[in-house]
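Q: Got a structure here, written out as structure tokens. Questions coming.
Just so you know, all these numbers are worked out from the coordinates, no wet-lab data involved. Note that the coordinates shown come from a computational prediction; the quantities given were computed from them, not determined experimentally. Glycine also receives a Cβ, built like all others from the backbone with ideal geometry; neighbour counts cover every protein chain displayed.
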Amino acid sequence: MDYQGILNIIEKQLEYTKTKGNVANYIPELAKVNPNHLGMFLKCTNGDEFYFGDYQVNFSIQSISKVYTLALAKEIIGDDLWKRVGVEPSGNPFNSLTQLESENGIPRNPFINAGSIVIADCLLSTLENPKADLLRFVRKIADDNQIEYDNKVAFSEKKHGYRNVALINYMKSLDNIDNDPEDVLDFYYDQCSLSMNCKQLAKSFILFANEGKLLNNQDRVFNTQSVKRINAIMQTCGFYDEAGEFSYRVGLPGKSGVGGGIVALHPKHYSVAVWSPPLNKKGNSELGMKALEELTSLTGLSIF
Ligand code: GLN
């Protein structure tokens, strides 16, 4: 497969595509990003790498981090995790409050804010040093020790995170949060603030395409059943109330973040990350979705 040729075509197409989207501005620090950034990086399970544009420029990965924390929590807690968070698509925006009330404080899935906040609570209860342990884990699976949190972004979100405060307090009132809400949110804002580039993201997700094994030494991090489950949740819940649209247009499991990044993977073949900051109305990168739709169209390959 001529992946580099296909990426070159995608780059040309996107250069001429006008976006109607806007950069996320409800976290003031994110509003400062240049909307014209565009980068893509594809890593194959045989080690080959293909890329274009700003693939080495760091950005705020935001909700993409929800995959890392879910994978860690699933490993530590096992199936008991599903007593506190579901695995159904929400059909609602990522920060929606409404479903929580009718569903007794049990979030629909781990990739909406409420669900990831519950996961953060679980990690706070089980990890010795959650912030350092999460960073160590991400660095290990990305095989890159340069990865860091962005404290400015975390602080900016904390200052304006009124909705997340509402979500966590509501869940606390229904006994689905064990720790102090402020401590949980501090950890949640840290995870979302991880600053990474497309290359680091694709490298960190290759184990989900490689049956749970690292690529550099084939060490197993997750068993095949965990990988199956996490990929399934990415497929059904990775894009909030646009999960169906992403599945229909792209046909791969993936996860987006309001920093404009999207990571997706084709089991046994590759992981791919794309970054373009302007978001569509559902909070997903407009050009990022288009890039991935082109990728699976031009290669003629998707999981379907
Ligand atoms: N940190 C963001 C929030 O809680 C993450 C949202 C996202 O990327 N969709 O709102």
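Q: Can you give the direction-averaged projected area of the convex hull of the alpha-carbon atoms in segment 73-215, in nm²?
A: Result: a mean projected hull area of 8.9 nm².
Q: Here's something else I'd like to know. Rounded to whole Hz and in sequence order, give me ³J(HN,Hα) for segment 41-47 from the Karplus expression 6.51 cos²θ - 1.76 cosθ + 1.60, θ = phi - 60°, writing x for Gly and Pro.
A: Each residue of segment 41-47 in turn: 9, 10, 10, 8, 5, 8, x Hz.
Q: Take the Cβ-Cβ distance between residue 103 and residue 20 as r, set R0 to 41 Å, and report the resulting FRET efficiency rounded to the nearest 0.05.
A: The value I calculate is 0.80.
Q: Residues with beta-carbon under 13 Å from that of residue 297, excluding residue 297: net charge, scoring Lys, Arg +1 and Asp, Glu -1?
A: 0
Q: Here's a follow-up. Could you check how many percent of all C-alpha pairs in the chain are farther apart than 24 Å? Display every interim value, and only then the final one.
A: Values: 21453 of 46056 pairs.
Of all Cα-Cα distances in the chain, 47 percent exceed 24 Å.
Q: Using each residue's phi in segment 96-107, evaluate 6.51 cos²θ - 1.76 cosθ + 1.60 at θ = phi - 60° and report the 3J(HN,Hα) Karplus result to the nearest Hz, with x for Gly and Pro.
A: Coupling constants for segment 96-107: 5, 9, 5, 4, 4, 5, 6, 10, 6, x, 9, x Hz.
Q: Right, next: Would you calculate a helix-derived [θ] at 222 nm for the chain, using -39,500 (n - 2.57) for each DSSP H run of n ≥ 4 and dividing by the full residue count, to the nearest 500?
A: -14000 deg cm²/dmol
Q: Checking the table 20/290; 20/255; 140/290; 74/140 against a 19 Å threshold on Cα-Cα, which pairs fail?
A: From the list (20/290; 20/255; 140/290; 74/140), the Cα-Cα distance tops 19 Å for 20/255; 140/290.
Q: Points 7 angstrom from Cα along the Cβ direction at residue 170 and residue 126: gap in nanometres?
A: The modelled label-to-label distance comes out at 2.5 nm.
Q: If I fit a long axis through the Cα atoms of helix 151-160 and take the longest principal axis of the Cα atoms of the chain, what angle between them do I get, 0 to 90°, rounded to 10?
A: In the chain, helix 151-160 runs at an angle near 50 degrees to the longest axis.
Q: Pairs 66/131; 12/152; 203/281: which are spaced more than 24 Å apart, C-alpha to C-alpha?
A: 12/152; 203/281
Q: Could I have the simple spin-label model distance between residue 37 and residue 152, label points 7 Å from Cα toward Cβ, reported in nm to one decimal?
A: Each label point is offset 7 Å from its Cα along the Cβ direction, giving 1.2 nm.
Q: Turning to a different aspect of this structure: Loop only by DSSP, 15 or fewer other Cβ within 10 Å of the Cβ. Give me the chymotrypsin sites (Phe, Trp or Tyr not before Pro) in segment 41-112 that pass, ordered by residue number.
A: Sparse-neighbourhood loop chymotrypsin sites (Phe, Trp or Tyr not before Pro): none present.
Q: Could you tell me which of 192, 222, 210 has its Cα farthest along the dipole of segment 188-235 towards the positive end, charges placed at Cβ (Lys, Arg +1; Asp, Glu -1), taken about the Cα centre?
A: 210
Q: According to a simple spin-label model (label point 7 Å from Cα along Cα-to-Cβ), what is the distance in nm between residue 76 and residue 180?
A: Between residue 180 and residue 76, the simple spin-label model gives 1.8 nm.
Q: How high is the relative contact order of segment 147-236, in percent, with contacts defined as C-alpha pairs under 8 Å that are six or more residues apart?
A: After rounding, I find 27 percent.
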